[in-house]
Structure formats: C-alpha cells, structure tokens
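Please treat every number below as a calculation from the coordinates, not as lab data. Since this is a predicted model, take the numbers as computed values, not measurements. With ideal geometry, Cβ positions are generated from the backbone for all residues, glycine too; neighbour counts draw on all protein chains shown.
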Amino acid sequence: MEFKKCMRCGCFFISENDVCCNCQSKDKMDISKLNSILEENNSFNSIQDLSIASGVNVSNLNRFISNNKISGLNIKL
Ligand SMILES: [Zn+2]
C-alpha cells in the first residue's frame, strides 16, 4: 500500500483505487449516468461530445475508459 493522489479531488489517500473514498461515490454516479446515456446512444464523435452529453469532465471520462468502467462506447478516434 502506498499513498496515492486522488484523481478527482487531489487529496492523498491509501487505497487500491484511483480516487479517495469520498470520490468513489461520485465516480459511481458518473459511471451509472454514462452507462444509461450509452444505452440510448453509443456512438459519439469524440470524448468531448460524450462529456457535453453527460456532464462528466474529459479527464474523468478518459480514466473510466482506460479502466473499462463504461461499456458499449463506440468512439471513432
Ligand atoms: Zn477524492
């Protein structure tokens, strides 16, 4: 175990995760919102478009995508 810097709020914490325990619930809310948006429409032209549609910022989106937290996303990069 080592100190990590939270990817959302920047505080230091000890955990296996990328975010502190305060931000884990925010991550969960963002991910469930994204997955419900993607059920309706899974083809976006860019991460920015998905960010605008969901209200989730681009750096969080990139983190969710690289951690495979959101499914069915079909972005042509
Ligand atoms: Zn945090």
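Which value, in debye to the nearest 20, gives the size of the charge dipole of the chain about its Cα centre, when Lys and Arg are +1 and Asp and Glu are -1 at the Cβ?
The dipole of the chain has a size of about 160 debye.
Which one, G72, S25, G55, projects farthest toward the positive side of the charge dipole computed for segment 24-77 from Cβ point charges (K/R +1, D/E -1)?
Of the options given, the answer is S25.
Let me check I've understood the local charge: for K4, count other residues with C-beta under 10 angstrom from its C-beta, Lys and Arg +1, Asp and Glu -1. What total comes out?
Numbers: positive: K5; negative: E2, E16, D18.
Local net charge: -2.
Between A53 and F3, what's the calculated FRET efficiency when r is the beta-carbon distance and R0 is 30 Å? Round to 0.05. Don't skip to the end; give the middle numbers.
Working: r = 35 Å, r/R0 = 1.16.
Here the calculated transfer efficiency is 0.30.
Given points 7 Å out from each Cα along the Cα-Cβ axis, report the C21 to E39 separation in nanometres with one decimal.
3.0 nm
Calculate how steeply helix 21-40 sits against the longest principal axis of the alpha-carbon atoms of the chain, using the helix alpha-carbon long axis, and give the answer as 0 to 90 degrees to the nearest 10.
10 degrees
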